[in-house]
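Everything on this sheet refers to the single structure shown next.
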C-alpha cells in the first residue's frame, strides 16, 4: 500500500487521463433550491446536467485543455483550483464510493503492466470517435501496440 501511495506521478497521469476522458461524461442532479447563475435564476426542481467532459476542458482552470499535462495535478499547481474543477467520480454527497479503491486498483495494474511492457497507441487521439452512452468510450475501441520492455 505504501508503494502505491508513493506513486505520485502515476497518480497525476491517471488523473490527467480521467480529466480528458472521464468514465462518466455527464451526471444529472435535481436542484433542491433555487440557484442564481449570473443574471439567471434556475428554479428548484430543475434537472441540471453537469457535463464533466466539458467541465474538465475549461480553459480558465486548465490552460491548453486538450493537451495531456499530468503536471497540472502536482500539489503546488492543484491547491489554487476550485475543489469541483475536477470531478471524474462526481462530487458531493452522491460521489462514487469506490473512487479510492478505483485509483489504487488503477495504480496497481498500470504499474505492474508498465514495468513489463511498452504500450503505444496505434490511433491518434484526434481520429477517435467518442460515444457518450452510460460511460464514455471510443466507438471502435482503442488499438494499441504492446511490446516487452528490454531489460
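Residues to consider are 22, 70; find the one that is in contact with a strand residue (DSSP E or B) (Cβ under 9 Å, 6 or more places away or on another chain), under 29 Å from residue 128 (Cβ atoms) and touching a residue at least 40 places away in the same chain (Cβ under 8 Å).
Values: 70 fails: in contact with a strand residue (DSSP E or B) (Cβ under 9 Å, 6 or more places away or on another chain).
After ruling out the rest, the residue left standing is 22.
Have a look at 64, 34 and point out the one that is free of Cβ contacts under 8 Å to residues at least 24 places away in the same chain, out of contact with any helix residue (DSSP H, G or I) (no Cβ under 8 Å at 6 or more places or on another chain) and closer than 30 Å to residue 9 by Cβ. Before the answer, list the steps.
Details: 34 fails: closer than 30 Å to residue 9 by Cβ.
One residue alone meets the criteria, 64.
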Look at residue 28 and say whether it is surrounded by fewer than 12 Cβ atoms within 10 Å (Cβ to Cβ), under 24 Å from residue 133 (Cα atoms), in contact (Cβ under 8 Å) with a residue 12 or more places away in the chain and more than 14 Å from the chain's Cα centre (by Cα).
yes
For region 76-131, how many residues meet the condition of being loosely packed, with under 12 Cβ neighbours inside 10 Å, touching a residue at least 40 places away in the same chain (Cβ under 8 Å) and out of contact with any strand residue (DSSP E or B) (no Cβ under 8 Å at 6 or more places or on another chain)?
0
Taking region 70-81 only, how many residues are modelled with pLDDT of 90 or more and either farther than 16 Å from residue 9 by Cβ or part of a loop (DSSP other than H, G, I, E, B) (or both)?
1
Could you check region 132-146 and list, in sequence order, the residues that are touching a strand residue (DSSP E or B) at 6+ places or on another chain (Cβ under 8 Å) and either more than 14 Å from residue 21 (Cβ to Cβ) or surrounded by fewer than 10 Cβ atoms within 10 Å (Cβ to Cβ) (or both)?
139, 143, 144, 145, 146
Starting from residues that are out of contact with any strand residue (DSSP E or B) (no Cβ under 9 Å at 6 or more places or on another chain) and either in a strand (DSSP E or B) or modelled with pLDDT of 95 or more (or both), keep the ones in region 33-54 and report whichever is farthest from residue 93 (Cα to Cα).
39
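Matching residues to (1) out of contact with any helix residue (DSSP H, G or I) (no Cβ under 6 Å at 6 or more places or on another chain); (2) assigned to a loop (DSSP other than H, G, I, E, B); (3) within 20 Å of residue 11 (Cα to Cα); (4) modelled with pLDDT of 95 or more:
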{"residue": "83", "(1), (2), (3), (4)": "yes, yes, yes, no"}
{"residue": "96", "(1), (2), (3), (4)": "yes, yes, yes, no"}
{"residue": "102", "(1), (2), (3), (4)": "yes, no, yes, no"}
{"residue": "107", "(1), (2), (3), (4)": "no, no, yes, yes"}
{"residue": "126", "(1), (2), (3), (4)": "yes, no, no, no"}
{"residue": "137", "(1), (2), (3), (4)": "yes, no, no, no"}
{"residue": "142", "(1), (2), (3), (4)": "yes, yes, no, no"}
{"residue": "146", "(1), (2), (3), (4)": "yes, no, no, yes"}
{"residue": "151", "(1), (2), (3), (4)": "yes, yes, no, no"}
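The values are calculated or read from the model by the stated rules, or taken from the named source; none is laboratory data. Bear in mind the structure is a predicted one, so any value in this text is a computation, not a measurement. Reconstructed Cβ throughout: ideal geometry from the backbone, glycine too, with neighbour counts over all protein chains shown.
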